[in-house]
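One structure is given here, and the rest of the page talks about it.
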Amino acid sequence: MFTGPMEDRLAIRELHETYGDGVVRFDAETWGSVWANDAQWDFMGTVLEGHAAILETWNGAMSGLDAVSFSCVPSAIEVDGNRATSRVQTQEVLKAKDGSTRMIGGLYTDELEKRDGQWLYTRRAFEIVAEYAGQEG
């Protein structure tokens, strides 16, 4: 469901797109800019606390990859004042440094806050809902 002011929903959608842009370009500064300092990231069952831990884990995960294609589609954005929730479906193609590829369909479930005029993730949970692992070649 999509509820709340259109301006806030657009800003949250752009936040999701900034996240994806950071992934595709391996740009830690861009990717990290969407997280609150006190954010929590549930990354497939591993819960990370705080911006520094989140960024460190992301950098580690990205270090094994040569290329990533990442797209996301918001399936819900619900704004209530300076807080919001969202669900985002993703499709990723990951090319590892060993030449293998994975295609992943994922789902993010988010909690966000508007702080100093900027929407940020305060909690983000990711789960894989479909996956195909290809082989080298």
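The values are calculated or read from the model by the stated rules, or taken from the named source; none is laboratory data. Computed from a predicted model, the values in this text were never measured in an experiment. Glycine also receives a Cβ, built like all others from the backbone with ideal geometry; neighbour counts cover every protein chain displayed. SASA here: full protein model, heavy atoms, side chains in, ligands and nucleic acids out. Shrake-Rupley method; radii C 1.70, N 1.55, O 1.52, S 1.80 Å.
Observations on the model:
- All conditions but one from (1) under 15 Å from the mean Cα position of the chain (by Cα); (2) open to solvent by less than 70 Å² (accessible area, probe 1.4 Å) apply to Glu14; the one that does not is (2).
- Against the test of being in contact (Cβ under 8 Å) with a residue 12 or more places away in the chain, more than 13 Å from the chain's Cα centre (by Cα) and open to solvent by less than 70 Å² (accessible area, probe 1.4 Å), the options Thr101, Thr109 yield a single qualifying residue, Thr101.
- Of the residues in segment 32-42, at least one is open to solvent by 20 Å² or more (accessible area, probe 1.4 Å) and out of contact with any Gly (no Cβ under 9 Å at 6 or more places or on another chain).
- Test: residue in segment 72-79 that is over 16 Å from Glu17 (Cβ atoms) and either free of Cβ contacts under 8 Å to residues at least 24 places away in the same chain or acidic (Asp, Glu) (or both): yes
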